[in-house]
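In what follows, a structure is listed as structure tokens, so that the remarks can point back to it.
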Protein chains: 4
Amino acid sequence: MAPRSIDLNCDMGEGFGAWAPPPDEELMPLVSSANVACGFHASDPRLMRRTVRLASRHGVAVGAHPSFPDLVGFGRRMIAASPAEIEDDVVYQVGALLGFCRAEGVPLVHVKPHGALYNAAAKDPAVARAIASAVRAVDPSLWLTCLAGSVLAREGRAAGLRCAEEAFADRGYAPDGTLLPRGHPGALVTEPEAIAERVSRLAREGILLAADGTELATAAATVCVHSDTPGAVAAARAIRARLERDGVAVRSFAAAAEGR
Amino acid sequence: MAPRSIDLNCDMGEGFGAWAPPPDEELMPLVSSANVACGFHASDPRLMRRTVRLASRHGVAVGAHPSFPDLVGFGRRMIAASPAEIEDDVVYQVGALLGFCRAEGVPLVHVKPHGALYNAAAKDPAVARAIASAVRAVDPSLWLTCLAGSVLAREGRAAGLRCAEEAFADRGYAPDGTLLPRGHPGALVTEPEAIAERVSRLAREGILLAADGTELATAAATVCVHSDTPGAVAAARAIRARLERDGVAVRSFAAAAEGR
Amino acid sequence: MAPRSIDLNCDMGEGFGAWAPPPDEELMPLVSSANVACGFHASDPRLMRRTVRLASRHGVAVGAHPSFPDLVGFGRRMIAASPAEIEDDVVYQVGALLGFCRAEGVPLVHVKPHGALYNAAAKDPAVARAIASAVRAVDPSLWLTCLAGSVLAREGRAAGLRCAEEAFADRGYAPDGTLLPRGHPGALVTEPEAIAERVSRLAREGILLAADGTELATAAATVCVHSDTPGAVAAARAIRARLERDGVAVRSFAAAAEGR
Amino acid sequence: MAPRSIDLNCDMGEGFGAWAPPPDEELMPLVSSANVACGFHASDPRLMRRTVRLASRHGVAVGAHPSFPDLVGFGRRMIAASPAEIEDDVVYQVGALLGFCRAEGVPLVHVKPHGALYNAAAKDPAVARAIASAVRAVDPSLWLTCLAGSVLAREGRAAGLRCAEEAFADRGYAPDGTLLPRGHPGALVTEPEAIAERVSRLAREGILLAADGTELATAAATVCVHSDTPGAVAAARAIRARLERDGVAVRSFAAAAEGR
């Protein structure tokens, strides 16, 4: 029987040119999946190469992290792009990262949309279908990382893709399973041990506590480790230590699916 | 025995956003290889998709046409990029186009550097090696399209790549086989029939006449058809008509090499 | 008494790098105000210089035509930018054009937002205030060109700016004075004489006919001449000829206000 | 009699979008002139506004810091742009910053080219003339900050501009007054007290010691304080403390020239 495990995914390579990315060197050894920025909200060819190489060195699964084209806005602003524009923007970015995966001899495993594109894909079927269509067109064996229970998860599966549903251990949930808006009391969980406890319970029992204490059952196969918050490294270390104590392995969803 | 043939290559997809590319619709049926702009000097994801689709519809071999990152300068300005930067810029662009080739179900066949990068690669071994290394890293079966007799042809072969050497039927040559600088008398051949005659003789005899009448023997397997000059379509039609009369097939160098 | 007059405004300089703008050379002599693209949806420093110089040669009033930062989308896509981002994007673009106005020795007269920014400013008070605030901050004597009756006109005046209200002679209007959506029957007026008739009546009587024949009274001081539609030059010539016949001068709203 | 004084200038606003600039908040109170990035190698409209505001709050003179258009390369790579392209790129950037100066109610005082453009302008008369021409065209009362003894200083003066010559207290000089190349022994002075001593002697005696001890007489009116090196803040503090002890005021060259 496969050991109990969970994937920890982290956005990586989110620097640009002279501006270094957050602590990728320290975080990479602590996670199992890297969502690699592809130049539209962050990163550039040199940094993409270095990020894929760093992931490869630590045996971390490499995925593309495509965005709306908005470097100055870090991909956080909704752009009223057409589905066809979104589809082709995603093909472009996934293809570009595929180039570096080939150059570094590692498989491209998954695709996780970034920022405003992630949020739009979670709710808007046209956006979700555009992304799923792009991913399938480049490689139908790629995984799609999606907000748990989102429209993207549904549309991704409808397109024949495997979807890894994602939970946020450092974010508060409403009793209906949606994320509490930032600014709302309980919207952020900042204490590393509390985050670690949430990840461990999710991995062992498939349960995530809502802010009001409701037990939410979830099929989440991956937990997002933020790289751009203060204390990101400390939180990731706390999660790793806790999972080890609790007998939960950290490995990518793809590896888990294949029994590796 | 394979029929006598020559490849006609043409830069394609050199528009951007609201700005349409030169007469790609008219030229595509007339050539055998398309060098597709990848977003660094021209093109965008929507246009790359349309360009690959157009090539596919006409059975034209698809290649990447990577450039220095200089959209405003159309890739015509030398940038003092390091070899590592050039290498990764090429991986990025070739990968991005590979995404669209997969999405459209056509093979990616070759890579031809654009503009200032093409010129630098023809002379500078460090630039040539960076490009060859990038192409091999993405896919060692890709062809490299290079100026006949250039440093890029030499370095490309040293890297184990197949190289298609390129001649310019609408440019004048010095007796030593180098291109006459623009502005020099005889630097441009503009009369369609004259261009067609030059292509035909090259295909049949491997001979290109220098501006002074010297017969230059050349191994060129492909001739560049410019898309951005007035009369480009007329010149291409004249070449096609002449080759047909002379019993020379137009097919990509890759197809010729495989006896297709 | 000042002669009866109207301003004809036209977007100018909407090329980029190697891509030439629409027929600016032909249109410039036919209009009285040029809305000069500032690099965010189109244009580049070389083209901005040439466009300002061309306007100067024809005595055409120069205005800035700022946009959301979206070159690939030609500024036609809404971006969920914050008011502060919009304000600073407008300051940047207006300032950049001011540099060229100084370099060419012509005054900067007005500011007209482009595309999605124009549309957002017509309806959204926060966007309108951001633009008005930016324009006033750079130079409180600048005019603001706004959709007639729009939120931008209201907010611009509230900020102490002079506003030139704009009508579209080649677009159909609903009886309530709003533009008919493209695709709606009667949304486009394409016949040059019909457009010219509409401009002339607007200039002489302040009346614009709605698609259903309703007479709309309007304070519009300027009419937009599109540069990117087929037949733009023919339409502009028809307008000029008709206005001449009808004794209406073509001059900028600024000149009219100053009795020049 | 005006007090003995020197200008300390520092590149500011060299972040972009989500990427914060070096310690501008800490450095601004320590210098007298800020060279504000204008979006071509770093910065964006929001950051330009904040940088001008920060300079204004500390009474620091604001200058433009234009660059080749190369955000990914931070303006450090030579681009073979034509003089006309350089001239218009500079007009654009200076104009954009002028917009923010007006918006914040502070004068624009000077222009200092950045990176590869600074280096090219120091040696190449065509580049230097293009920059001088652009600056004069926007405002002939602007100062030009130039490498001491450079071609730009000569061409700037020939164009009628006032030039502030610049010395580098943290760089080693050869006996002929040129900068030692990075990597050369003695090329970098890293000890804060040593840098401070060099600045003070320059301010008091107009003497800069070469790496071999030669006393170089210099007309430098401004010293560059680097913002992007480790220990930049410590070095700046040491310089300020030393200058105060030695009775040298820190004020901008413009203020010194006007006896303010």
Are there GluC sites (Glu not before Pro) in the stretch A:175-260 that DSSP puts in a loop and that have at most 10 other Cβ atoms within 10 Å, and which ones?
A:Glu258
How much of the DSSP beta bridge set in the protein assembly as shown is antiparallel, as a percent to the nearest 5?
20
Classify the stretch D:185-260 as rounded, prolate or oblate from the Cα gyration tensor: take a ≥ b ≥ c as the square roots of its eigenvalues, call it rounded if a/c is under 1.5, otherwise prolate when a/b beats b/c and oblate if not.
oblate
Name the long-range amide H neighbours of A:Leu188: under 5 Å, sequence gap of 5 or more, or other chain; modelled H, no Pro or chain starts.
A:Gly172
When each copy gets a label point 7 Å from Cα toward the beta-carbon at A:Thr178, what are the spacings between them in nm, shortest first?
2.7, 6.7, 6.9
List the extent of the Cα atoms of the protein assembly as shown along each of their three principal axes, largest first, rounded to whole Å.
83, 76, 70
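Hey, got the average number of other protein chain Cβ atoms within 10 angstrom for residues in B:4-16?
Neighbouring Cβ atoms belonging to other protein chains average 1 per residue here.
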Rank by packing, highest mean first: peptides C:155-162, A:33-40, B:183-190, with packing defined as the count of other Cβ atoms within 10 Å averaged across residues.
A:33-40, C:155-162, B:183-190
For the stretch A:125-179, what are the per-bin percents of Cα-Cα distances with bins 5 Å wide, up to the bin holding the maximum?
4, 22, 28, 19, 12, 10, 4, 0
Please turn the phi angles of the stretch D:151-163 into ³J(HN,Hα) values with the Karplus equation 6.51 cos²θ - 1.76 cosθ + 1.60 (θ = phi - 60°), one per residue in order, whole Hz, x for glycine and proline.
4, 5, 4, 5, 5, x, 5, 4, 7, x, 8, 7, 10
With the label set 7 Å along Cα→Cβ, A:Ala211 is separated from its counterparts in the other copies, in nm and shortest first, by 4.6, 6.0, 7.5
Kindly rank C:53-65, D:220-232, C:224-236 from highest to lowest mean number of other beta carbons found within 10 Å of each residue.
C:53-65, D:220-232, C:224-236
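At 20 °C and a viscosity of 1.002 mPa s, what translational diffusion coefficient does Stokes-Einstein give for the stretch A:83-127, taking Rh as the Kirkwood radius over Cα pairs? Give it in µm²/s as a whole number.
For these conditions, the coefficient is 184 µm²/s.
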What part of the accessible area of chain C, given as a whole %, is carbon or sulfur when the probe is 1.4 angstrom?
54
Here the percent of antiparallel bridges among DSSP beta bridges lying wholly in the stretch A:88-231, to the nearest 5, is 35
Averaging sequence separations of C-alpha pairs under 8 Å and six or more residues apart, then dividing by the length of chain B, give the relative contact order as a whole percent.
21
Once R0 is set to 51 Å, what does the formula 1/(1 + (r/R0)^6) return for the Cβ-Cβ distance between A:Glu215 and C:Ala84, expressed as a FRET efficiency to the nearest 0.05?
0.80
Residues from the stretch A:70-84 losing no less than 50 square angstrom of accessible surface in the full protein assembly compared with the chain alone, 1.4 angstrom probe, ligands and nucleic acids excluded, are A:Val72, A:Arg77, A:Ile79
So, relative contact order of the stretch B:126-237 in percent, Cα under 8 Å, 6 or more apart, is 22
Put the label 7 Å from Cα along Cα→Cβ for C:Ala249; what are its distances to the other copies, in nanometres, shortest first?
5.4, 7.3, 8.6
State the antiparallel share, in %, of DSSP beta bridges confined to chain C, rounding to the nearest 5.
20
Karplus-derived HN-Hα couplings along the stretch A:223-234 (A = 6.51, B = -1.76, C = 1.60, θ = phi - 60°), whole Hz, x at Gly and Pro
10, 7, 9, 6, 9, 10, 9, x, x, 4, 5, 4
With a 1.4 Å probe, what is the total accessible area buried between chains C and D, in Å² rounded to the nearest 100?
2000
Distance in whole Å from the C-onto-B rotation axis to the closest C-beta of chain C, together with the residue it belongs to, please.
C:Trp19, 2
Phi angles of the stretch C:67-79, converted by Karplus (6.51 cos²θ - 1.76 cosθ + 1.60, θ = phi - 60°) into ³J(HN,Hα) in whole Hz with x for Gly and Pro, give 9, 4, x, 7, 5, 5, x, 6, x, 8, 9, 4, 10
Spherically averaged projected area in nm², based on the convex hull that wraps the Cα atoms of the stretch C:45-192:
9.8
Please give the average number of partner chain Cβ atoms lying within 10 Å of the Cβ of each residue in C:44-57, rounded to a whole number.
3
How much length, in nm to one decimal, is gained on full extension between C:Arg237 and C:Arg157, taken as 0.36 nm per residue of separation minus their Cα-Cα distance?
25.5 nm
By the mean-Cβ-within-10 Å protection proxy, highest first, D:17-24, C:97-104 rank as C:97-104, D:17-24
For the stretch B:184-260, averaging the sequence separation of alpha carbon pairs under 8 Å that lie six or more residues apart and dividing by its residue count, the contact order in percent is 34
Over the stretch C:1-101, what per residue volume does the convex hull of the Cα atoms give, in whole Å³?
120
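Over chain A, average the accessible area per residue using a 1.4 Å probe and give it in Å², no decimals.
Value returned for chain A: 37 Å² of accessible area per residue.
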Among the stretch A:105-134, those whose backbone N falls under 11 Å of a label point 7 Å along Cα→Cβ from A:Leu179 are A:114-120, A:122
Averaged over residues of C:136-144, the number of beta carbons from other chains lying within 10 Å of each residue's Cβ is 2
Anisotropy class of chain C from Cα gyration tensor, a/c 1.5 cut
rounded
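The values are calculated or read from the model by the stated rules, or taken from the named source; none is laboratory data. This structure is a prediction, so every number in the text was calculated from the model and none was measured. Positions of Cβ are backbone-derived with ideal geometry, glycine not excepted, and every protein chain shown enters the neighbour counts. Each accessible area value is taken on the protein alone, full model and side chains, heavy atoms only, with ligands, DNA and RNA left out. Shrake-Rupley method; radii C 1.70, N 1.55, O 1.52, S 1.80 Å.
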